[in-house]
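Coordinate-derived values only; no laboratory data. As the structure is a prediction and not an experimental result, all values here were calculated from the model. Glycine also receives a Cβ, built like all others from the backbone with ideal geometry; neighbour counts cover every protein chain displayed.
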Amino acid sequence: MKFAYADPPYLGLGKFYADLHPEALTWDDPETHRNLIQRLCTEFHDGWAMSLHSPALKTILPMCPKGCRIGAWVKPFCSFKKNVNPAYAWEPVIFQGGRKLGNDLDTVRDWCSVPITLKKGLVGAKPKVFAFWIFSLLGMERGDELVDLFPGTGGIGDAWHEWTAQLRFT
């Protein structure tokens, strides 16, 4: 099966990546996110997941097809900003499809709780435990293909290699 994970610059936050990528500011346009969702639906029928931030959920969710679900990455340690209270201590993950999981497996929760990463070289780099949760949400198995559409630090790909290596021994 073929799956995708997308972690684009969040709507309205392209400025944080402008020095790293010449097209970063295009992600401040909701239509760019709509095109990404259309690509995910067209190219990744087996399943996909996409990260976003909570302020964009109202704009982006209506662009998604019926049957999409929302998961929550809850961050017990996050970056607290001056004069922002309550803090943004969770992020939505929209996901679609995935392998049907049987009753013989542990139930996967639609949330995970793991602190943010620090000093990974890129704002927004996702932790390994977060990646494992995405793989579980989609029911991914060894032999599946994962396409990380925004590889950034390469952490999701590294986590996928570790995940599939562990599956060889279970």
Students often forget the sequence filter, so: which lysines lie under 16 Å Cα-Cα from K66 once same-chain residues fewer than 8 apart are removed? K58
Could you give each residue of the range 95-109 its phi-based ³J(HN,Hα) in whole Hz, using Karplus coefficients 6.51, -1.76, 1.60 with θ = phi - 60°, and x for Gly or Pro? 9, 9, x, x, 6, 5, 9, x, 5, 7, 9, 4, 6, 7, 7
The range 70-113 to the range 1-23: how many Å between their Cα centroids? 19
How would the range 1-104 be classified by its alpha-carbon gyration tensor: rounded, prolate or oblate, with rounded meaning a/c under 1.5 and the a/b versus b/c comparison settling the rest? oblate
Which ³J(HN,Hα) values, rounded to whole Hz and listed in residue order, are derived for the range 23-28 from phi using the Karplus coefficients 6.51, -1.76 and 1.60 in 6.51 cos²θ - 1.76 cosθ + 1.60 with θ = phi - 60°, glycine and proline given as x? 9, 4, 6, 5, 6, 7
Cα long-axis angle, helix 30-43 against the chain (0 to 90 degrees, to the nearest 10): 10
Could you pull out the trypsin sites (Lys or Arg not before Pro) across the range 69-141 that fall in loop regions by DSSP (anything but H, G, I, E, B) with no more than 12 other Cβ atoms inside 10 Å? K81, K82, K100, R109, K119
Counting other Cβ atoms within 10 Å, keep those with at most 10, restrict to DSSP loop, and tell me which chymotrypsin sites (Phe, Trp or Tyr not before Pro) in the range 125-170 are left. F169
Residues with amide H under 5 Å of G71's amide H, sequence separation 5 or more or different chain, H placed in the peptide plane at 1.01 Å from N; which? V93, I94, F95
I'd like the antiparallel share, as a percent to the nearest 5, of DSSP beta bridges with both residues in the range 2-167. 50
From the square roots a ≥ b ≥ c of the eigenvalues of the alpha-carbon gyration tensor of the range 26-76, which class results: rounded (a/c under 1.5), prolate (a/b over b/c), or oblate? oblate
So, with points 7 Å from each Cα along the Cβ direction, the A18-E31 label distance in nm works out to 2.0
Can you work out ³J(HN,Hα) from phi for every residue in the range 3-11, in order, using Karplus 6.51 cos²θ - 1.76 cosθ + 1.60 and θ = phi - 60°, giving whole Hz and x for Gly and Pro? 10, 9, 10, 10, 10, x, x, 5, 3
Taking the Cα atoms only, what angle lies between the long axis of helix 155-167 and the longest principal axis of the chain, rounded to 10 degrees? 10
Sorting K126, K66, K2 on the 10 Å Cβ count, fewest up front, what's the list? K66, K2, K126
On Cα atoms only, tilt of 128-137 relative to the major axis of the chain in degrees: 60
Low-density loop positions, chymotrypsin sites (Phe, Trp or Tyr not before Pro), the range 1-78 - DSSP coil, at most 13 other Cβ in 10 Å: F77
